[in-house]
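Undergrad: Dumping the structure here so I can ask a few things about it.
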Amino acid sequence: MTQLIFPEDANIHGTMFGGKVMEYMDKTAAISSMRHARIPVVTASTDSIDFIGPIRVGDAIEIVSFVTWTHNSSMEVYVKVQSENVYSGEKTTVVTAFFTFVGLDPSGKPTRVPPVMPETDEEKSLHASAPSRYEQRRQRKRDRQNNA
């Protein structure tokens, strides 16, 4: 997804609202997970949303995502946002995150999703480190259930 950032997308500092960036990231990640599994999906969690730098009014942003790993019905999706000064061409990675989606069957219940076959070095690296992130998410969920 590519978007040009206008004043209505920005806060009083002239930088893009974080929530607006997150909306675009969630949509892009949803498309990646639906394309991977070829079934309906829902967002289960987001984690490690790291805002590395500002996105300014007049910049273009490019949001790229791909499924890094799957486990039964869930898919981990890596999302990266790059900001581009359209006049100089300078690009900077400004936000990264991991989203988790769950594949749904026709009745809306979780269903099995296909495994990931990583190809690039980046995909292979993220695939190899995904089980650790999965366990951290599971522990976080258990902790929240215990504290509820």
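No value in this document is a laboratory result; all are computed from the given coordinates. Source: prediction; values computed, not measured. As a convention, Cβ positions derive from the backbone with ideal geometry for all residues, glycine included, and neighbour counts pool all protein chains shown.
Undergrad: Can you name the strands (runs of 3 or more DSSP E) wholly within segment 54-126 that have at least 3 residues being hydrophobic (A, V, I, L, M, F, W, C) and out of contact with any strand residue (DSSP E or B) (no Cβ under 9 Å at 6 or more places or on another chain)? Write out each step before concluding.
TA: Numbers: elements: 60-71, 74-84, 91-103.
Per the criteria, no element qualifies.
Undergrad: On to the next question. Any idea which residue in segment 35-69 is surrounded by the most Cβ atoms within 10 Å (Cβ to Cβ), counting only those that are of a type in the set (A, V, I, L, M, F, W, C) and under 19 Å from P118 (Cβ atoms)?
TA: In the first step, residues of segment 35-69 are kept if they are of a type in the set (A, V, I, L, M, F, W, C); the result is 37, 39, 41-42, 44, 49, 51-52, 55, 57, 60-61, 63-64, 66-67, 69.
Applying the additional criterion that residues be under 19 Å from P118 (Cβ atoms) yields 37, 64, 66-67, 69.
Working: A37: 21, V64: 14, F66: 22, V67: 26, W69: 23.
Step by step, filter segment 35-69, then rank; the result is V67.
Undergrad: Oh, and also: State the number of residues belonging to segment 102-135 that are closer than 14 Å to S45 by Cα and either surrounded by 13 or more Cβ atoms within 10 Å (Cβ to Cβ) or touching a residue at least 12 places away in the same chain (Cβ under 8 Å) (or both). Write out each step before concluding.
TA: As a first pass, look at segment 102-135 and keep what is closer than 14 Å to S45 by Cα: 102-103, 133-135.
Checking which are either surrounded by 13 or more Cβ atoms within 10 Å (Cβ to Cβ) or touching a residue at least 12 places away in the same chain (Cβ under 8 Å) (or both) leaves us with 102-103, 133-134.
Total meeting the criteria: 4.
Undergrad: Yes or no: T2 farther than 24 Å from S129 by Cβ and either in contact with a strand residue (DSSP E or B) (Cβ under 8 Å, 6 or more places away or on another chain) or touching a residue at least 24 places away in the same chain (Cβ under 8 Å) (or both)?
TA: Numbers: farther than 24 Å from S129 by Cβ: yes; either in contact with a strand residue (DSSP E or B) (Cβ under 8 Å, 6 or more places away or on another chain) or touching a residue at least 24 places away in the same chain (Cβ under 8 Å) (or both): yes.
Yes.
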